[in-house]
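Asks: This is the structure I have questions about; it appears just below.
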Amino acid sequence: MKQGLFITILAVVALGISILIFNFLPEYIQKGGPLVAGLIMLSIMSVAFTFERLFTLSRAKGKESAPVFMKKVRQKIDAQDIDGAAEVCAKQRGSLANVLRAGLDRYLVIRATPMDRQQKLQEIQKAMEEANMLEVPLLERNLIALATIASIGTMVGLLGTTIGMIRSFSALGHTGSVDAVQLAVGISEALINTAGGLAVAIFSIVLYNVFSTMIDNFNYGMDEATLEVIEVLALKEAGK
C-alpha cells in the first residue's frame, strides 16, 4: 500500500474513532469543544504510526540477531562458500541481509571476470550502497508524519486556547453582570485544548526522537557489517 493512501485511510478511520470517543468523554473534557476530537484523532494516528514503525524495524532486523547472522555469513565466506553466504542472507531477510546479499550476488557475477581486485571491491561496495539507498527510506518512512503531528497538535491546541479565551472575554464584555457560566466554559475550553495539544506534541516528539535514534544505530550497524564483508572478501581476493 502506498504511503499516501495509508495515511489518508488512517486519518479517516482515526477521525471516526475520535468522534465516537469524544461522545463518551466526561462532560468537563467535552467543554473543550470539537477541537478535542481533532486532538484525539492526532493521538490515534501517532499511536498507529508507533506500532507501524515498531513492526517495520522489527522486520528490518531479520529473523536472528545481527551478531549471530554475521557469524554465519563470515563462516560461509571463510569457507569460500559465497553461494552459502547469500543463502544465509536470503533466510535471514531484513534490511541488513538484503544489503549484504546484494554485494554477495554482485561478487558471484564478477569474481570470474578479468577485473583486478580493487575494481571488484568497488563493484561490491557500489552494489551494497545501492541496496542501502533502497532500504533507508523504508526505515525512515512515516517519521515525517510523526513530526508533522507534533506540530499540528501544538497548533490545534493553540487554536482551541485562542477560541476559549475569545469566549471568556466575550462573557466579560457583556453589559451588566458577568456571565459566569460562559466565562467558565471559555476558560475550560482554553485549558483543555492547551493540555491536549501539548500532550500530543510531547508524545509525538519523543517517539520521533526515539525512532530516529534507533534508525541511526541500525544504519551504523549496517555500515559496519558491509565494511566487514568487504574486508573479508578483499582478503580472500588477495589470497588467490
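Asks: How many residues does segment 130-147 contain that are without any contact (Cβ under 8 Å) to a residue 12 or more places away in the chain and not aliphatic (A, V, I, L, M)?
Replies: 1
Asks: Condition first: outside any helix (DSSP H, G or I) and either open to solvent by less than 30 Å² (accessible area, probe 1.4 Å) or touching a Leu at 6+ places or on another chain (Cβ under 7 Å) (or both). Now tell me which residues in segment 115-173 satisfy that. Steps first, please.
Replies: Residues of segment 115-173 that are outside any helix (DSSP H, G or I), as a first pass: 115-116, 141-142, 173.
Matches in segment 115-173: N142 only.
Asks: Here's a follow-up. Within segment 4-98, which helices (runs of 4 or more DSSP H) (wholly inside it) include 1 or more residues that are under 25 Å from S151 (Cβ atoms)?
Replies: Counting at least 1 such residues, we get 27-30, 35-61.
Asks: From the set of residues in segment 184-234 that are of a type in the set (V, I, T) and closer than 18 Å to T50 by Cβ, which is surrounded by the most Cβ atoms within 10 Å (Cβ to Cβ)? Write out each step before concluding.
Replies: Step one: list which residues in segment 184-234 are of a type in the set (V, I, T), which gives 185, 187, 192, 194, 200, 202, 205-206, 210, 213, 215, 226, 229-230, 232.
Still in the list and also closer than 18 Å to T50 by Cβ: 200, 202, 205-206, 210, 213, 215.
Details: V200: 25, I202: 13, I205: 17, V206: 12, V210: 13, T213: 10, I215: 17.
Going through the qualifying residues, I end up with V200.
Asks: Taking only segment 16-39 into account, find how many residues are without any contact (Cβ under 8 Å) to a residue 60 or more places away in the chain, open to solvent by less than 80 Å² (accessible area, probe 1.4 Å) and not small (G, A, S).
Replies: Counting residues in segment 16-39 that are without any contact (Cβ under 8 Å) to a residue 60 or more places away in the chain, open to solvent by less than 80 Å² (accessible area, probe 1.4 Å) and not small (G, A, S) gives 6.
Asks: Among the residues in segment 141-155, are any of a type in the set (K, R) and either over 30 Å from K126 (Cα atoms) or over 32 Å from the mean Cα position of the chain (by Cα) (or both)? Give the steps one after another, and end with the answer.
Replies: At the first step, the residues of segment 141-155 found to be of a type in the set (K, R) are 141.
Checking the rest, the ones that are also either over 30 Å from K126 (Cα atoms) or over 32 Å from the mean Cα position of the chain (by Cα) (or both) come to none.
Looking for residues that are of a type in the set (K, R) and either over 30 Å from K126 (Cα atoms) or over 32 Å from the mean Cα position of the chain (by Cα) (or both), one finds none in segment 141-155, hence no.
The values are calculated or read from the model by the stated rules, or taken from the named source; none is laboratory data. Computed from a prediction, not measured in an experiment: that's the story for all the values here. Here Cβ is always computed from backbone atoms with ideal geometry, including for glycine, and neighbour counts include all displayed protein chains. Remember, those area values only see protein heavy atoms, side chains included, never the ligands or the DNA or RNA. Shrake-Rupley method; radii C 1.70, N 1.55, O 1.52, S 1.80 Å.
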